[in-house]
Amino acid sequence: MEFKGALAALITPRDAAGALDWPALEMLCQFNLDRGVSGLVAGGATGDYASLSVADRIRQVEVAVAASSAKQNHPVLCGCGSARLDESVELARRAFAAGAAAILLPPPHFFRYSQEDLEGFYVEAAKRIDGPILLYNLAAFVTPMQPATIVRLLRATPQFVGVKDSSGELHAVEAITDRPELEAVRVVGHDGVLVDALRRKLADAAISGLACAVPEAIVAAFDASQTGDDGRLESLGALLDELLERVAALPYPWVVSKIAAIRGLGAPAYPFPPTDSRRQALDALSEWLPTWLDRLSTINLSRRG
């Protein structure tokens, strides 16, 4: 199975009362598809999936599938993270029934596990899940997967079609690149290393939180890489680094939600009220972002013919 280009990791919009805002999610999907993303991803870390019920996570998939079907019919992926194998399996089964093309499966939550534990978890999951699985190295929140573990699992069964590596490093995609016989898809899941991965030809795709709010930037990075426009790729990398440095102290879903709101895509949604200092940082982002977007537009207009 192939996944290519920029896939948007969707946030979870909420209304002023904190309820899930399904029309805003539909609008967000359409916004991304109209700007050239190659797919949509529901239930990833950017979507704050741990705060949602199984039913709400599946409804996100349904909304994304409906939006995609009405446009270019790009693939929809579903994150199936949980503390329990049986809940991950239930999520996977329902996600495939709702039209997901593949699932993202991170290691189980909360406790730290050995690499042997992780291999046991994934092998058992593959027995119970009927469909393609991307290994999800969500290193900041669960036990990090070592590249050797990822390679062994990719060899264990063709159900493991590749890896989404959100570690902020490129060791796993390097290991897969060195083993072309695996025929595994290499998905970068950390915006901070995407341009380096593209420059070094280490990424087939990206599942990007920033792509949810500024899809033009991530789509353009893939375009520059594919057309050999190294100067444009470097300019985009510098611009992305500037944005990431500015928001580094903030929780990432808050950043994406705020940028989406600045662009008219619903109200910003936070899991609890931000402190005064956080609000000041988010307000400063509102003042600064329009100039950044203008510079992004200028870079994109410079695209080689």
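Compute a Gaussian network model of the chain, connecting alpha carbons closer than 10 Å, and tell me which residue from Gly264, Gly99, Gly44 fluctuates the most. Its mean-square fluctuation being the largest, the pick is Gly264.
Only DSSP H runs of four or more residues enter the estimate; each adds -39500 (n - 2.57), and after division by the residues of the chain the mean residue ellipticity at 222 nm equals -15500 deg cm²/dmol. Rounded to the nearest Hz, the phi-derived 3J(HN,Hα) couplings of the range 17-31 under the Karplus curve 6.51 cos²θ - 1.76 cosθ + 1.60 (θ = phi - 60°) are 8, x, 7, 4, 9, 5, x, 5, 5, 4, 4, 5, 4, 5, 4, where x marks glycine and proline. Estimated at 0.36 nm per residue, the fully extended path between Arg200 and Ala83 surpasses their Cα-Cα distance by 38.6 nm.
Rounded to the nearest 20 debye, the dipole size of the range 5-301 about its Cα centre is 400 debye, using +1 on the Cβ of Lys and Arg and -1 on the Cβ of Asp and Glu. For the range 144-190, the set of GluC sites (Glu not before Pro) satisfying both a DSSP loop assignment and a count of at most 16 other C-beta atoms within 10 Å is given as Glu169, Glu183. Each residue of the range 144-161 was assigned a 3J(HN,Hα) from its phi angle through the Karplus curve 6.51 cos²θ - 1.76 cosθ + 1.60 (θ = phi - 60°); the sequence is x, 8, 6, x, 5, 5, 4, 4, 4, 5, 4, 7, 6, 7, x, 4, 7, 8 Hz, with glycine and proline shown as x. If the elastic network links every pair of Cα atoms under 10 Å, which of Phe121, Phe111, Phe222 fluctuates the most in the Gaussian network model of the chain? Top of the fluctuation ranking is Phe111. A simple spin-label model places pseudo-atoms 7 Å from Cα toward Cβ; at Ala66 and Ser277 they are separated by 4.3 nm. Can you list residues whose amide H is under 5 Å from Ser82's amide H, if they're 5+ apart or on another chain and H is modeled 1.01 Å from N? Hits under the 5 Å cutoff: His109. Taking the charge dipole of the range 5-301 about its Cα centre, with +1 at Lys and Arg Cβ atoms and -1 at Asp and Glu Cβ atoms, the residue from Val63, Gln280, Leu210 reaching farthest to the positive side is Val63. Let me make sure I get this right: for the range 157-249, a, b and c are the square roots of the gyration tensor eigenvalues over alpha carbons, sorted descending. Under 1.5 in a/c it's rounded, otherwise prolate if a/b > b/c, else oblate. Which is it? Prolate.
Mind ranking 274-280, 136-142, 291-297, 247-253 by how tightly packed they are, going by the mean number of other C-beta atoms within 10 angstrom, highest first?
136-142, 247-253, 291-297, 274-280
Taking the fewest neighbouring Cβ atoms within 10 Å as the starting point, the ordered list for Tyr122, Tyr270, Tyr113 is Tyr113, Tyr270, Tyr122.
When P(r) over Cα pairs in 20 Å bins from 0, in percent is computed from the coordinates, the matching label among [x] 35, 59, 5; [y] 34, 58, 8, 0; [z] 26, 48, 24, 2, 0 is [x]. Along the range 208-215 the Karplus relation, 6.51 cos²θ - 1.76 cosθ + 1.60 evaluated at θ = phi - 60°, assigns HN-Hα couplings of 10, x, 4, 4, 5, 9, 10, x Hz to successive residues, with x for each Gly and Pro.
Of Trp22, Trp288, Trp254, which has the largest mean-square fluctuation in a 10 Å C-alpha GNM of the chain? Result: Trp288 has the largest fluctuation of those listed.
Per-residue extension of 0.36 nm, minus the Cα-Cα distance of Trp22 and Phe111, leaves a gain of 28.8 nm for this segment.
Every number here is computed from the coordinates shown, using simple stated rules; none is lab data. What you see is a predicted model, and the numbers here were worked out from it, not measured in a lab. Backbone-built Cβ (ideal geometry, glycine too); neighbour counts: all protein chains shown.
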